[in-house]
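The following block contains the structure, expressed as C-alpha cells.
The values are calculated or read from the model by the stated rules, or taken from the named source; none is laboratory data. Note that the structure is predicted; figures quoted are calculated from it, not measured. Here the Cβ positions follow ideal geometry from the backbone for every residue, glycine too, while neighbour counts run over all protein chains shown. The accessibility values were calculated without ligands, DNA or RNA, using every heavy atom of the protein model including side chains. Shrake-Rupley method; radii C 1.70, N 1.55, O 1.52, S 1.80 Å.
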2 protein chains.
Amino acid sequence: MTRVAVIGVGCTKLDEHWDKSLKDLSTEAGGMALKDAGMDGKDIEAMFIGNMSGGRFIGQEHLGALSVDHSGLLPIPATRCEAACSSGSLAFRQAYHSILTGQHDIVVAAGAEKMTDIGGTNAIGTLMGAGDQEWESSIGLTFTGLYALMANAYMKKYGLTREELALVPVKNHLHGFNNPFAQFKKKITIEDVLKSSLIADPLRLFDCSPLTDGAAVVILASEKIAEKFKNPVWIWGSGQASDSLALHDRQSLTETASAVHASRSAYKEAGVTPKDINVAEVHDCFSIAEVIAYEGLGFAEKGNAKELLKSKETTIGGRIPVNTDGGLKMGHPVGATGIKQVVEIVKQLRGTAATQVKDAKIGLTHNVGGSGATCVVNILGKEKK
Amino acid sequence: MTRVAVIGVGCTKLDEHWDKSLKDLSTEAGGMALKDAGMDGKDIEAMFIGNMSGGRFIGQEHLGALSVDHSGLLPIPATRCEAACSSGSLAFRQAYHSILTGQHDIVVAAGAEKMTDIGGTNAIGTLMGAGDQEWESSIGLTFTGLYALMANAYMKKYGLTREELALVPVKNHLHGFNNPFAQFKKKITIEDVLKSSLIADPLRLFDCSPLTDGAAVVILASEKIAEKFKNPVWIWGSGQASDSLALHDRQSLTETASAVHASRSAYKEAGVTPKDINVAEVHDCFSIAEVIAYEGLGFAEKGNAKELLKSKETTIGGRIPVNTDGGLKMGHPVGATGIKQVVEIVKQLRGTAATQVKDAKIGLTHNVGGSGATCVVNILGKEKK
C-alpha cells in the first residue's frame, strides 16, 4: 500500500471576513495551497471538505459541489464531512484513505466555515448542534457551559487552580503573536485572563476561542507523486474515535475517552509513542480542553497536565511545544480548524513555521468535535516512515 | 485488494413518523440490518452516515457520534457525509472505500433524515440548502421550480408530452404498491397525474417526491468475512462526480453531466456496460429527473428516454425495470435515500424483493444531490465479480 504525503498547504487569515463569502474563503485557501505546492489544479482527482454547519450559518449545504465548482475542478467527486468542530480532520482522514484505496493519487482536503456576518442566525445556538439537541441544547446549555462543567470537575478532582488554568491562554497568545493568520495578536498575562469577563464559571473571556471565518486547504499525494514535489511531509498515522454525544452520559467528566482511543490508534499506525512527538496542535476550544487533552494524548499522567504548563514543557523552547500557532484562541472557524492544524504541523516539519520548534521531526494534531464525542488524531513526519 | 459485499440491510417504513426521533429511526434501521445479517454489533469497526440537514431540520449536527452512541457501538469512528439528497450514497461509498484501504473488515453505511414534525422550520427552504444559496434560494427558487425549468427545456427540445412524462409516476406507483415500506400505496393513472395540483408548471403533485422521515442501514464486509454470511451481494463498482451547483451555470438544462461521469466511472470499475444492468434504482425526485437520468446512465440515447417508458421496458416485466420499490415517490428521506436504494437492489439480487425482477444478476443505484451537482452511481452483483 502506498505512503501518503502532504505536498501543499494554504490558510486564509482567521478573522471576521465581512467582505468574503464561504466560497471566496475556500477558493482563496485552495489557491494558496496550489501555489505552495507549485502546481495547478488540473491533476487533482477528488476533494473532501470539512464544514460543520453551513446549512444553519449561511443556508448552504452541499459544500463539496460548491467548492469544486468555484475552484474550476469540475467534474471531480467532492464529499463534505461533518463531525462538528472535528469536521476538518474527518476530511483529511477521508482524503488520506482515498489515496490508500489506490483510487486516487492527488486529493484535496479542505475545511471552511463562515460564522460571522450571518444575518439573523444565532451562532451560539447553531454551535450547540454539536451537542445533544434533546438533552443539552434544549435545556439551554452552551458549549462554554459544557466545558465549564468539565473545568469545575477537573479543578475539584485534581486541585488545578484558576491561575494554573490561565497558563494555557497565556502560552497560546505568546505563540500566536507571530502568526500572520491569527485573529487576535496580543500577548496576555495571567492577570489579564483573571480580569477578563466571566463567561461560564470558571471560564473567562480569554479561556474561550472566538467565532471566526476562515478556510484551510492541504493537498495530499501518493508516494510516487509526492516524491516529485519539493516539500513532502508524510502522514504516519491517523486515528478516530467516538464517545457519547451528551456530557452526562460519559463515564468521567475529567477524561476524554475518544482522545485516548483515537491517539492510541494513531500512535499504533505511526509506530511511535507520545514521547516521540516534537510538536503538537491540540484542540484548545476552551482552556480546560487543552489540559484534559494532554492526559488523553498520553503527554501527561492523569491530573498532572498542569506540570507541563508550569514547567513550560509545552511552551516554545520546551520539550513538546503545543499550539505553536496560538491554537484555537487565534481563530476557530470550526469546520476548518482540523485542516488549519495540519497546515501548522506541516510548516513545523518543513522548518518554516512563524514560531518554529527547533529540529521538529514528528508532529501531531488533535481535533475534537463537540464536548469530546468525536476525536481525530493525526501524526505526520518530516521523513518517510 | 479485497472485494467488498453487502451482508445485511434494513429500512424503516418511509412515513411521517411523528412519534419517532431521528435517532429512534436510525437505531431501528440498524437493528433490522443486524438481524438481516444474522450478527450482533460487536464486530462493527466504523460507521458512515448520510444526512443532509439535521442541523436545520432538528437542530442536530454531529450525527455520527449520535448514531454510534445510541446504537451501543462506542468508541468506533463515525463520519457524517453530506451532498444533499445524495448524502446516503456518499456514506455507502466511504464505507466501501474504508474496507478497500485494508483498515476495516466490517463497516456500517447508514442514512437518516427527519423532515416532518420539525417545529417551525421551513422544510422547503431547508431543502434549498442543496442548491446555490447566493443565486437560487435567495431569489425564491424551490427544487420543484428548478426541475420544472429542466422539464420545460426538455419537453421543448425533444417533444416529450405531458402525458408521456406522467408515465414515470404511473410506473413507480404501480411498482411501489407492493412495497411494505412505502409512504403512499396507491396505483394511479395518467389522468390522476394530469388532474393533480399544479406545483411548478409543468410539474404536478404526482410528479413530486414527498417529505419523509426514515432511515436505512446496510452492513458491508470484506471478502473473507462476507463469505461466512448467507447472502452476500457484491459491490462491483462505484462512481461519483460533480457539476456546477447552480442550474444556470450548466452547459445544458436537459442533460446531467455528473450522471454521465459518475456512471462511466462505475461501469469502468465494474467492467460492465448499461446493457448488462438488470434492475436499477434511479433518483426520481421529480418525474423529469428519471427521464433525464435514463440518458445520463446510457439506458437511452439523448431525447429517447420516453421510448423506454412507452414500451414498458423500465416497468416490471420489461428489459430493465427501474424503481421496483416505487422509487423516491414512495418516500424521500433525503439523506437516507441513497442507502434505501442499495437496500432494494440487494433484495433484488437476493431474489427477495416485493416486486421481484426475474433472475436479476446486476443492479445499479443512481442518486443525485441538488439539481445534479452531485451524482453517485453504484453497481452491485449477485455473484462475485
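So, for the protein assembly as shown, what is the accessible surface per residue at a probe of 1.4 Å, expressed in square angstrom? Write out the running numbers ahead of the final one.
On the way: 24840 Å² over 770 residues.
Here the per-residue accessible area is 32 Å².
Let me check I have the definition right: for region B:312-371, take the eigenvalues of the Cα gyration tensor, multiply each by 5, take square roots. What are those semi-axes in whole Å, largest first? Working shown, then result.
Working: eigenvalues 80, 32, 20 Å².
Its equivalent ellipsoid spans semi-axes of 20, 13, 10 Å.
Could you state the angle between the C-alpha long axis of helix A:257-270 and the longest principal axis of the C-alpha atoms of chain A, as a value from 0 to 90 degrees rounded to the nearest 10?
Value to nearest ten degrees: 40.
Over the Cα atoms of region A:1-160, what radius of gyration and what Dmax do you get, in Å?
18.2, 56
Run through region B:284-384 and list the GluC sites (Glu not before Pro) located in a DSSP loop whose Cβ has at most 14 other Cβ atoms within 10 Å. Before the final figure, lay out each step's value.
On the way: sites: B:290, B:295, B:301, B:307, B:313, B:344, B:383; in loops: B:301, B:313, B:383.
Loop-located and lightly packed - B:301, B:383.
Return an integer: the convex hull volume of the alpha-carbon atoms of chain B, in Å³ per residue. Kindly include the intermediate steps, with their values, before the conclusion.
Working: hull volume 46.2 nm³, N = 385.
Dividing the Cα hull volume of chain B by its residue count gives 120 Å³.
Here's something else I'd like to know. Calculate what fraction, in whole %, of the accessible area of chain A sits on carbon and sulfur atoms when a 1.4 Å probe is rolled over the protein chains. Don't jump to the answer; show the numbers that get you there.
Details: 6580 of 12420 Å².
In chain A, the share of accessible area belonging to carbon and sulfur is 53 percent.
Please report, largest first and rounded to whole Å, the three semi-axes of the ellipsoid equivalent to region B:92-217, where each semi-axis is the square root of five times an eigenvalue of the C-alpha gyration tensor.
That gives 31, 21, 17 Å for the three semi-axes.
Another question, if that's okay. For region B:95-212, what number of Lys pairs, 8 or more residues apart or on separate chains, have alpha-carbon atoms under 29 Å from each other?
For region B:95-212, the number of qualifying lysine pairs is 16.
Another question, if that's okay. List the distances, in nm to one decimal, from the label point of residue B:298 to the label points of the same position in every other copy, shortest first, placing each label point 7 Å from Cα along the Cα-to-Cβ direction.
4.9
Can you pull the percent of Cα pairs in the protein assembly as shown with separation above 50 Å? Please list the in-between numbers first.
Working: 35628 of 296065 pairs.
Of the Cα pairs, 12 percent sit more than 50 Å apart.
Sticking with this one: Would you mind getting me the FRET efficiency between residue A:138 and residue A:312? Use the beta-carbon distance for r and R0 = 41 Å, nearest 0.05.
Values: r = 42 Å, r/R0 = 1.04.
Efficiency at R0 = 41 Å is approximately 0.45.
May I pose another question? Nearest 5 is fine: what % of DSSP beta bridges in chain B come out antiparallel, could you say? Walk me through the numbers before you get to the answer.
Details: 37 of 52 bridges.
The answer is about 70 percent antiparallel.
Taking Cα atoms of region A:234-385, Rg/Rh with Kirkwood Rh, to two decimals? Intermediate results must be reported in sequence, preceding the final value.
Numbers: Rg = 14.1 Å, Rh = 15.1 Å.
That ratio is 0.93, to two decimals.
Shifting gears a bit: With +1 on each Lys and Arg Cβ and -1 on each Asp and Glu Cβ, and nothing else charged, work out how big the dipole of region A:1-125 is about its Cα centre, in Debye to the nearest 20. Working shown, then result.
Numbers: 10 positive and 15 negative charges, 54 e Å.
Dipole magnitude for region A:1-125 comes out near 260 debye.
To the nearest whole number, what is the average tally of beta carbon atoms from other chains within 10 Å of the beta carbons of peptide B:371-378? Walk me through the intermediate numbers first.
Working: counts 0, 1, 9, 8, 3, 2, 0, 0.
Partner-chain Cβ atoms within 10 Å, mean over residues of B:371-378: 3.
Using amide H atoms built 1.01 Å from N in the peptide plane, name the residues 5+ places from residue B:212, or on other chains, whose amide H lies under 5 Å from its own.
Excluding prolines and chain starts, which carry no amide H, the hits are B:115, B:332, B:334.
Now a separate question. Please name which of A:317, A:304, A:229 has its Cα lying farthest along the dipole of region A:218-353 towards the positive end, using unit charges on Cβ (Lys, Arg +1; Asp, Glu -1) and the Cα centre as origin.
Looking along the dipole axis, the top candidate is A:229.
Work out the mean other chain Cβ neighbour count within 10 Å for the residues of A:132-138 and drop it here as an integer.
That works out to 4 on average.
When DSSP assigns beta bridges and you keep just the ones with both residues in the protein assembly as shown, what percent turn out antiparallel, to the nearest 5?
Numbers: 77 of 107 bridges.
Within the protein assembly as shown, antiparallel bridges account for around 70 percent of the total.
What average count of beta carbons from other chains do you get within 10 Å of the Cβ of residues in A:48-54? Can you show the working numbers first?
Details: counts 2, 1, 0, 2, 3, 5, 6.
Per residue, the average neighbour count from other chains is 3.
Now, a different point. Which residues, if any, in region B:84-129 have at least 30 Å² less accessible area in the whole protein complex than in the isolated chain, probe 1.4 Å?
Buried-area filter returns B:94, B:97, B:101, B:103, B:129.
What are the residues of region A:231-248 that lose 50 Å² or more of accessible area, with a 1.4 Å probe, going from their chain alone to all protein chains?
Hits at the 50 Å² cut-off: A:240, A:242, A:245.
Ok, one more. How long are the three semi-axes of the equivalent ellipsoid of region A:153-311, in whole Å, if each is the root of 5 times an eigenvalue of the C-alpha gyration tensor, listed from largest down? Mind showing how you got there, number by number?
Numbers: eigenvalues 175, 97, 45 Å².
For region A:153-311, the ellipsoid semi-axes come out as 30, 22, 15 Å.
Hey, which of these cross-link pairs are over 28 Å Cα-Cα: A:42/A:228; B:23/B:224; A:329/A:384; A:310/A:361? Before the final figure, lay out each step's value.
On the way: A:42/A:228 16 Å; B:23/B:224 31 Å; A:329/A:384 32 Å; A:310/A:361 25 Å.
Result: B:23/B:224; A:329/A:384 exceed 28 Å.
List the trypsin sites (Lys or Arg not before Pro) within region A:253-310 that DSSP assigns to loop and that have no more than 16 neighbouring Cβ atoms inside 10 Å. Intermediate values should be presented prior to the final figure.
Working: sites: A:264, A:268, A:275, A:302, A:306, A:310; in loops: A:302.
In loop regions of region A:253-310 (DSSP not H, G, I, E or B), the sparsely surrounded trypsin sites (Lys or Arg not before Pro) are A:302.
Moving on to the next point. Using amide H atoms built in the peptide plane, which far-off residues or other-chain residues are under 5 Å from residue A:204 H to H?
Answer set, sorted by chain and number: A:199.
Ballpark to the nearest 100 Å², how much total accessible area do B and A bury together, probe 1.4 Å? It would help to have the intermediate numbers written out before the result.
Working: alone 14590 and 14580 Å², together 24840 Å².
Approximately 4300 Å², summed over both chains.
Please report, for residue B:197, the nm distances (one decimal) from its label point, 7 Å out from Cα along the beta-carbon direction, to the equivalent points in the remaining copies, shortest first.
Copy-to-copy label distances for residue B:197: 4.7 nm.
What ranking do A:188-198, A:69-79, B:160-170 get when scored by the average of other Cβ atoms within 10 Å per residue, highest first?
Details: A:188-198: 14.3, A:69-79: 22.2, B:160-170: 20.6.
The densest-packed peptide leads the list: A:69-79, B:160-170, A:188-198.
Quick check for me: using +1 on Lys/Arg Cβ and -1 on Asp/Glu Cβ, what's the dipole size of the protein assembly as shown about its Cα centre, in debye to the nearest 20?
Dipole magnitude for the protein assembly as shown comes out near 1420 debye.
Moving on to the next point. What does the charge count around residue B:90 come to, taking other residues whose C-beta lies under 10 Å from its C-beta (Lys +1, Arg +1, Asp -1, Glu -1)?
Details: positive: A:80, B:80, B:93; negative: B:82.
After counting each charged neighbour, the total is +2.
List the residues whose amide H sits under 5 Å from the amide H of residue A:46, counting only those 5 or more places along or on another chain, with H placed 1.01 Å from N in the peptide plane.
A:108
Ordered shortest first, which distances in nm separate the 7 Å Cα→C-beta label point of residue B:138 from those of the other copies?
Ordered by increasing distance: 3.5 nm.
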